[in-house]
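The values are calculated or read from the model by the stated rules, or taken from the named source; none is laboratory data. Keep in mind it's a predicted model, so treat the numbers as computed, not measured. Methodologically, a virtual Cβ is constructed for each residue, glycine included, from the backbone with ideal geometry; neighbour enumeration extends over all protein chains shown. Heavy atoms of the whole protein, side chains included, go into the accessibility calculation; ligands, DNA and RNA do not. Shrake-Rupley method; radii C 1.70, N 1.55, O 1.52, S 1.80 Å.
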Amino acid sequence: MEQRHLGRTGLRVSRIGLGTLTWGRDTGEHDAADQLKVFWDAGGTLVDTADVYGGGDAEYLLGQLVERLVPRRDLVIATKAGSVPDPDRRFNGSRGHLLAALDASLERLGTDYVDLWQVHAFDPGTPLDETLQALDIAVSSGRARYAGVSNFCGWQLAKAATWQLAAPGLRTRLASTQMEYSLLQRGVEREVLPAAIDLGVGLLPSSPLGRGVLTGKYRTSTPVDSRGASEHLAGFVEPYLDDAASRIVDAVATAADGLATTTLQVALAWVRDRPGVVAPIVGARNAQQLRAALSVEALSLDPPIWCLWVTFGKTKKCLVTCDDGSS
């Protein structure tokens, strides 16, 4: 698998990342082990998790598999901290909480360091410089090699990245930002992506397949074994099962038919190769699904396919502006 630099840093990661959102809850040890082995065999290196995934079980499961299945040196392990199961305070970006959460993550992962440590979300109740100081301490102490953020809007990302760049050598520059990005969710293109490109921050798209909808599996019904039918994730998928999303999926399917490939491959190749994108994070239910996603490595979309047309009533709207400025 092709490797890319993470933002304006020397860290290189595979251009597809493996997500572990369901590990330890819906994905057991056997399926997780199969996924990690398939991912590594394909040349994948970036594995993304968080301290709240599965209540910590995702990190613990990953820690049990590393070394036993895959050498630690071959993986770029990324985790997050800051989300808390508190209805009164969903995010805690305080220095004390973040550093304590990092230590707990390292223990669950069974490692002395993580390659990329990310603030899971912006905390309006904590001064931003305090949150960012936790990243500096984590890197300077060797507990994290690189730092990033997740779910920061445009101004939040710009403020954080600029603050870190203001004192080179003393503060750790942001290597990455993680946000949802797909043909069904393109809000990052308004402010987040331009800010990331300008500031040298690499984008790690989450849910690059539109929460599974861009695979085409929901075109006629909701499969009983899908996330859309899951007790935990049905509400996560439901917003992308409307008519507008359906028309976009149909347009992607039309492009896929013309290329003799799948809707999954077209949708994933599209987001993978957008400017500013480093590595979409793909979550799979099993190794078979993961293999289907990793097969996108052989696909590159020609310029005409970048402009996928979808019909809205009697009008047509282009889903993306081409690199040459046409639309």
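Among the residues of region 286-295, write down those that are within 16 Å of the chain's Cα centre (by Cα) and open to solvent by 10 Å² or more (accessible area, probe 1.4 Å).
Within region 286-295, the subset within 16 Å of the chain's Cα centre (by Cα) is 290, 293-294.
Result: 294, single match.
So if I check each of 239, 275, 280, which one is exposed (fewer than 14 other Cβ atoms within 10 Å of the Cβ), closer than 30 Å to residue 22 by Cα and at pLDDT 90 or above?
On the way: 239 fails: at pLDDT 90 or above; 280 fails: exposed (fewer than 14 other Cβ atoms within 10 Å of the Cβ).
Of 239, 275, 280, the one residue that is exposed (fewer than 14 other Cβ atoms within 10 Å of the Cβ), closer than 30 Å to residue 22 by Cα and at pLDDT 90 or above is 275.
The set of residues from region 181-212 being in a helix (DSSP H, G or I), crowded, with 22+ Cβ neighbours inside 10 Å and modelled with pLDDT of 95 or more comprises 188, 192, 193, 195, 196.
Scanning region 63-82 for residues that are at pLDDT below 95 and either within 16 Å of residue 52 (Cβ to Cβ) or of a type outside the set (Lys, Arg) (or both) yields one hit, 67.
I need the full set of residues from region 17-61 which are within 23 Å of residue 119 (Cα to Cα), open to solvent by 10 Å² or more (accessible area, probe 1.4 Å), of a type in the set (A, V, I, L, M) and part of a helix (DSSP H, G or I), in order please. Correct list: 61 only.
Please determine whether any residue of region 110-123 is among the acidic types (Asp, Glu), open to solvent by less than 20 Å² (accessible area, probe 1.4 Å) and at negative phi. Walk me through how you get there before you give the answer.
First, pick out the residues of region 110-123 that are among the acidic types (Asp, Glu): 112, 115, 123.
Next cut, open to solvent by less than 20 Å² (accessible area, probe 1.4 Å) only: 115, 123.
Then keep just the ones that are at negative phi; that gives 115, 123.
The answer is yes, given that some residue of region 110-123 is among the acidic types (Asp, Glu), open to solvent by less than 20 Å² (accessible area, probe 1.4 Å) and at negative phi.
Out of curiosity, is residue 64 open to solvent by 30 Å² or more (accessible area, probe 1.4 Å) and not basic (Lys, Arg)? Answer is yes for this residue.
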